[in-house]
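The values are calculated or read from the model by the stated rules, or taken from the named source; none is laboratory data. Small disclaimer: the values here were computed from a predicted structure and weren't measured. Here the Cβ is made from the backbone with ideal geometry for all residues, glycine too, and neighbour counts use every protein chain on show. Side chains are part of the model used for accessible areas, which takes the heavy atoms of the whole protein and leaves out ligands, DNA and RNA. Shrake-Rupley method; radii C 1.70, N 1.55, O 1.52, S 1.80 Å.
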Amino acid sequence: MPTILQLNTSLFGDSGQSSRLAAGFAGALAKSTGRELKVRDLAANPVSHLTAERVTAFGTPASERTLDQQRHVAESDALIDELREADVLVLGLPMYNFGVPSTLKAYFDHLARAGVTFRYTAEGPVGLLTGKKAYVFATRGGQHAGTATDLQTDYVRLFLRFIGISDVEFIYAEGLALGEQQRERALATAVETISRLAA
Ligand SMILES: Cc1cc2nc3c(=O)[nH]c(=O)nc-3n(C[C@H](O)[C@H](O)[C@H](O)COP(=O)(O)O)c2cc1C
């Protein structure tokens with residue numbers, strides 16, 4: 001069955017604004033399209049950080065891996081398989097200290113595997129997780145979209161394209177710390193967009 005993978009990365013779990021928007025959209029899309037919905041909370045259940053041992057394990061041929069290396073690779077394989085099985089990715093993306101949550105960076109570090117999620121060619125790297133659509137619900141206290149301080153959008157687009165996901169739509173809710181009126185307006189606009197996209 002086609003599956004939606006919803007990734008939450010807010011420190012505040014289900015009550016984070018990004019998680020709420022992502023859940024609203026993913027739930028509505030699952031209902032309107034009959035897709036199964038899988039939710040992974042990277043803040044509540046963070047994946048391990050990249051280490052020299054892990055990177056070495058990734059680069060060691062399967063037949064030569066030690067038991068420890070097999071364990072490291074299995075953790076990454078499970079995350080990749082989960083994403084590979086989904087045809088829609090829904091990402092809740094809060095801005096923390098001008099960047100993506102560190103838990104998302106750690107997750108991305110498990111996904112970038114030469115020969116598994118991308119391969120090098122004479123024309124440059126080619127992503128292998130193709131045929132997916134991603135929706136990113138980006139929530140920010142300030143206003144950044146379209147300006148030099150938005151260091152998240154290009155990074156997330158670049159990384160997803162690198163592993164083969166080039167159809168990526170960003171939905172922003174910004175200025176959430178700029179007063180009640182702005183906050184309500186930004187969230188209402190995002191909710192309207194969700195209704196349109198999930199119909
Ligand atoms: C630790 C922390 C750092 C933050 N850093 C920024 C920032 O650099 N720029 C910004 O516009 N908002 C910043 N904010 C505000 C969040 O982006 C905003 O509250 C957003 O709604 C967070 O999404 P969430 O509710 O899903 O966690 C920060 C909030 C926290 C808790």
Fill in the blank from the handout: Conditions (1) outside any helix (DSSP H, G or I); (2) surrounded by fewer than 20 Cβ atoms within 10 Å (Cβ to Cβ) -> Phe108 fails only (1)
Practice task
Within segment 54-90, track down each residue that is closer than 26 Å to Arg35 by Cα and assigned to a helix (DSSP H, G or I).
Solution key: Glu75, Ser76, Asp77, Ala78, Leu79, Ile80, Asp81, Glu82, Leu83, Arg84, Glu85
Exercise for the section: Go through segment 140-165 and count every residue that is among the aliphatic types (A, V, I, L, M), free of Cβ contacts under 8 Å to residues at least 24 places away in the same chain and not in a loop (DSSP other than H, G, I, E, B). Expected result: 1
Completion exercise
For Asn97, the lone unmet condition from (1) within 16 Å of the ligand (Cβ to nearest atom); (2) closer than 30 Å to Pro61 by Cβ; (3) free of Cβ contacts under 8 Å to residues at least 12 places away in the same chain is (2)
Handout entry: Filter result for Leu83 (under 25 Å from Gly27 (Cα atoms), within 16 Å of the ligand (Cβ to nearest atom) and open to solvent by less than 10 Å² (accessible area, probe 1.4 Å))
Key = no
Practice task
Quick one: count up the residues across segment 120-139 that are not in a loop (DSSP other than H, G, I, E, B) and not basic (Lys, Arg).
Solution key: 12
Fill in the blank from the handout: Scanning segment 61-80 residue by residue, those open to solvent by less than 60 Å² (accessible area, probe 1.4 Å) and of a type in the set (S, T, N, Q) turn out to be Gln69, Ser76
Fill in the blank from the handout: Residues in segment 93-118 that are of a type in the set (Phe, Trp, Tyr) and over 11 Å from Leu7 (Cβ atoms) total 3
Fill in the blank from the handout: The correct count of residues that are of a type outside the set (D, E, K, R) and part of a strand (DSSP E or B) in segment 15-53 is 2
Practice task
Select, from Ala190, Ala198, Ala173, Ala134, the only residue that is surrounded by 16 or more Cβ atoms within 10 Å (Cβ to Cβ), touching a residue at least 60 places away in the same chain (Cβ under 8 Å), more than 16 Å from the ligand (Cβ to nearest atom) and of a type outside the set (Phe, Trp, Tyr).
Solution key: Ala198
